[in-house]
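Novice: My structure is below; once you've seen it, I'll send some questions.
The values are calculated or read from the model by the stated rules, or taken from the named source; none is laboratory data. Source: prediction; values computed, not measured. Quick reminder, even Gly has a Cβ in these numbers, built from the backbone with ideal geometry, and neighbours come from all protein chains shown.
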């Protein structure tokens, strides 16, 4: 009887683990032919020399199971861009981690970061873009800048897409690339770390390019809380997610009046970043409950500080080629995040990591465009046989430089 119980328990554990990464459903949103993409590129003045189109692609929305922070199984969603007519020898997979979103609904057109994904897929990359937990058609509340949640949702979607590939008879090669911008830079680094530490038997990352991520949450990025900041929307988002996971205080003691009664409406998934910013003070800390702020400023052992440190992504040693992109004039995600990260990682013994400045004068928005293109140049070099990665063709980089000058 005892043996039967043990076997049943083991089977239940195995079944639960499998359920945490299952494809639930998929639907084709649109098939973009090569000719349609060429028209879209022309309408948006995208240079085909810099961002080539070698194929059309099909855009799918998928639902899959992943895990909530307590280990329970929940539903998540994301987009998958599948190139046309590519053989297994030439088609790599890439996870693109998107930046901060407060709108729950997924954007299904080719604007914004979807355009970045399109640029990769139009040149033969199968692109996986998770919504993360709590966004898109997923369940629960989004745990903003929570490294474990970001990585779990991303890797579980990668596993679900392998099931989708079988259903669609899509074959890929063994190359896997990781990238992402802003929150996506943080999520990209979290995914890379978790894959390296827990999934070496399943996946080997070819190269990773986190872009403008807040890797030093408790240090560099924390300095923006108590001074005027362009995006006050971030701090309440962060605090609500941290309190959900780490239970630092009672919910009604997170924020001062009148914000304590506003946030359930502001962060209900129906307003975008700019719409929420309009209700908030210029200094992010001005929304925080006075007792909580006092603890943060004066208690080195405060749980909120410990939670930030737990979600830092500095103190580990990347083993695959890793490029940290940033821009000098970024006032949203401070460039010192990348500089502090690379210093710590090199101190830990990493010999595969490097900095890549995308531009001197560009802020957070324009930095995304050029960081993504430099990332594609770098990834393309691995597809062509490079082991450490190259900057990209000189002519393309010159055209990109001219584009910078015009902006």
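Novice: Please go through (1) closer than 27 Å to residue 311 by Cα; (2) out of contact with any helix residue (DSSP H, G or I) (no Cβ under 9 Å at 6 or more places or on another chain); (3) crowded, with 21+ Cβ neighbours inside 10 Å for residue 139 and return the number of the only condition it doesn't satisfy.
Specialist: (3)
Novice: Okay, next question. Against the definition (in contact with a helix residue (DSSP H, G or I) (Cβ under 9 Å, 6 or more places away or on another chain) and either modelled with pLDDT under 95 or closer than 14 Å to residue 232 by Cβ (or both)), how does residue 278 come out, yes or no? Working first, answer last.
Specialist: Values: in contact with a helix residue (DSSP H, G or I) (Cβ under 9 Å, 6 or more places away or on another chain): no; either modelled with pLDDT under 95 or closer than 14 Å to residue 232 by Cβ (or both): yes.
The answer is no for residue 278.
Novice: If you don't mind, another one. Please state which one of 382, 398 is free of Cβ contacts under 8 Å to residues at least 60 places away in the same chain and farther than 29 Å from residue 220 by Cα.
Specialist: 398
Novice: Continuing with this model, one more query. Any residue that is farther than 18 Å from residue 312 by Cα and part of a helix (DSSP H, G or I) - is there at least one of those in the range 166-174?
Specialist: Yes; the residues of the range 166-174 include at least one that is farther than 18 Å from residue 312 by Cα and part of a helix (DSSP H, G or I).
Novice: Provide a single number: the residues in the range 89-122 that are under 15 Å from residue 373 (Cα atoms) and either out of contact with any strand residue (DSSP E or B) (no Cβ under 8 Å at 6 or more places or on another chain) or not assigned by TED's automatic domain parsing to the domain that holds residue 45 (or both).
Specialist: 3
Novice: Still on this model: Taking the range 66-79 as the region of interest, how many residues are touching a helix residue (DSSP H, G or I) at 6+ places or on another chain (Cβ under 6 Å) and surrounded by 20 or more Cβ atoms within 10 Å (Cβ to Cβ)?
Specialist: Qualifying residue count, the range 66-79: 4.
Novice: Against the definition (exposed (fewer than 13 other Cβ atoms within 10 Å of the Cβ) and touching a residue at least 60 places away in the same chain (Cβ under 8 Å)), how does residue 247 come out, yes or no?
Specialist: No; evaluated as a whole, the condition is false for this residue.
Novice: Run residue 46 past the list (1) assigned to a loop (DSSP other than H, G, I, E, B); (2) within 19 Å of residue 379 (Cα to Cα) and report the number of the one that doesn't hold.
Specialist: Result: residue 46 passes all but (2).
Novice: Consider the range 13-65. How many of its residues are modelled with pLDDT under 95 and touching a strand residue (DSSP E or B) at 6+ places or on another chain (Cβ under 6 Å)?
Specialist: Result for the range 13-65: 3.
Novice: Here's something else I'd like to know. Being touching a strand residue (DSSP E or B) at 6+ places or on another chain (Cβ under 7 Å) and either modelled with pLDDT of 95 or more or closer than 29 Å to residue 384 by Cα (or both) is true for just one of 223, 169, 200, 191. Which residue is that?
Specialist: Exactly one of 223, 169, 200, 191 is touching a strand residue (DSSP E or B) at 6+ places or on another chain (Cβ under 7 Å) and either modelled with pLDDT of 95 or more or closer than 29 Å to residue 384 by Cα (or both), namely 191.
Novice: Just for helices (runs of 4 or more DSSP H) wholly inside the range 314-407: which have at least 3 residues that are modelled with pLDDT of 95 or more and surrounded by 21 or more Cβ atoms within 10 Å (Cβ to Cβ)?
Specialist: Here the list reads 336-347, 364-383.
Novice: What do you reckon, is residue 163 under 25 Å from residue 71 (Cα atoms), surrounded by fewer than 24 Cβ atoms within 10 Å (Cβ to Cβ) and in contact (Cβ under 8 Å) with a residue 40 or more places away in the chain? Even if it seems obvious, please write down each step before you answer.
Specialist: Details: under 25 Å from residue 71 (Cα atoms): yes; surrounded by fewer than 24 Cβ atoms within 10 Å (Cβ to Cβ): yes; in contact (Cβ under 8 Å) with a residue 40 or more places away in the chain: yes.
Here the answer is yes, as residue 163 does meet what is asked.
Novice: Could you check how many residues of the range 278-298 are surrounded by 19 or more Cβ atoms within 10 Å (Cβ to Cβ), under 18 Å from residue 100 (Cα atoms) and free of Cβ contacts under 8 Å to residues at least 60 places away in the same chain?
Specialist: 1
Novice: Could you tell me how many of the residues in the range 175-195 are part of a strand (DSSP E or B) and under 8 Å from the mean Cα position of the chain (by Cα)?
Specialist: Number of matching residues: 3.
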